[in-house]
Amino acid sequence: MGDQSYNLKDFNSAQRYYQSAIQKFDKVIKLDSENADSYIYRGNAYLSLGNAYLGLRNRTSASNAKQNAFQDYKKAIEINPNDKISLARAYEGSGDARFGLYHDNRGAIEDYQEARKYYVNQNMTEDINRVESKLRRLRE
């Protein structure tokens with residue numbers, strides 16, 4: 001019982017945090033619907049919220065949140081195809097959502113490879129290493 005109430009307390013705190021972030025990015029997007037970074041950040045918040053729901057074994061809410069994340073990442077890719085750093089982050093997020101939502105290894109690998117390409121182009125070593133780690137796990 002102690003662990004369960006502790007997990008619920010952590011979840012409630014995380015839920016408030018991520019929902020607040022989502023609401024803030026909703027407002028930013030309402031003001032500027034062509035701001036790709038806002039879609040990426042809101043997607044990150046949705047993805048994290050989905051992972052928090054999974055911690056409570058609430059698969060329906062987790063799936064809904066991850067679907068919203070996936071849509072945000074795709075929107076970011078669509079509206080800003082020339083910003084290589086935003087593209088890299090959107091593709092990485094899309095890979096995370098595709099794997100987490102659909103267990104789509106092939107799609108996640110494709111997205112991670114796109115992210116890696118843009119991270120390499122920008123010489124972003126830490127990001128390259130993170131994406132390569134994700135690729136290795138999916139290929140194992």
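Just to be sure, is D26 open to solvent by 30 Å² or more (accessible area, probe 1.4 Å), at pLDDT 95 or above, closer than 28 Å to D10 by Cα and assigned to a helix (DSSP H, G or I)? Yes; evaluated as a whole, the condition is true for this residue. Only a single criterion out of (1) more than 19 Å from Y17 (Cα to Cα); (2) in a helix (DSSP H, G or I) is not satisfied by E34, namely (2).
When region 126-140 is examined, which residues are found to be open to solvent by 40 Å² or more (accessible area, probe 1.4 Å) and at pLDDT below 95? Let's see the steps before the verdict.
In the first step, residues of region 126-140 are kept if they are open to solvent by 40 Å² or more (accessible area, probe 1.4 Å); the result is 126, 129-130, 132, 136-137, 139-140.
Hits for region 126-140 are R137, R139, E140.
Report whether or not Q15 is surrounded by fewer than 20 Cβ atoms within 10 Å (Cβ to Cβ), under 15 Å from the mean Cα position of the chain (by Cα) and either modelled with pLDDT under 90 or more than 21 Å from R89 (Cβ to Cβ) (or both). No, not satisfied. Out of the residues in region 67-97 meeting the condition of being charged (D, E, K, R) and within 10 Å of the chain's Cα centre (by Cα), tell me which one is most open to solvent (accessible area, probe 1.4 Å). Per the stated criteria, the residue is R89. Number of residues in region 18-75 that are among the charged types (D, E, K, R), touching an Asp or Glu at 6+ places or on another chain (Cβ under 9 Å) and closer than 15 Å to L101 by Cβ: the value is 1.
Of everything in region 38-57 that's touching a helix residue (DSSP H, G or I) at 6+ places or on another chain (Cβ under 9 Å) and open to solvent by 60 Å² or more (accessible area, probe 1.4 Å), which residue is farthest from A115 (Cα to Cα)? So that I can check it myself, show each step before the final result.
As a first pass, look at region 38-57 and keep what is touching a helix residue (DSSP H, G or I) at 6+ places or on another chain (Cβ under 9 Å): 38-56.
Then drop every residue that is not open to solvent by 60 Å² or more (accessible area, probe 1.4 Å), which leaves 41, 44, 51, 54, 56.
Working: Y41: 16, N44: 15, N51: 21, L54: 25, L56: 30 Å.
Of everything passing the filter in region 38-57, L56 is farthest from A115 (Cα to Cα).
The values are calculated or read from the model by the stated rules, or taken from the named source; none is laboratory data. All values derive from a computational prediction rather than experimental measurement. Please note: Cβ atoms are built from the backbone with ideal geometry, for glycine as well, and neighbour counts cover all protein chains shown. Heavy atoms of the whole protein, side chains included, go into the accessibility calculation; ligands, DNA and RNA do not. Shrake-Rupley method; radii C 1.70, N 1.55, O 1.52, S 1.80 Å.
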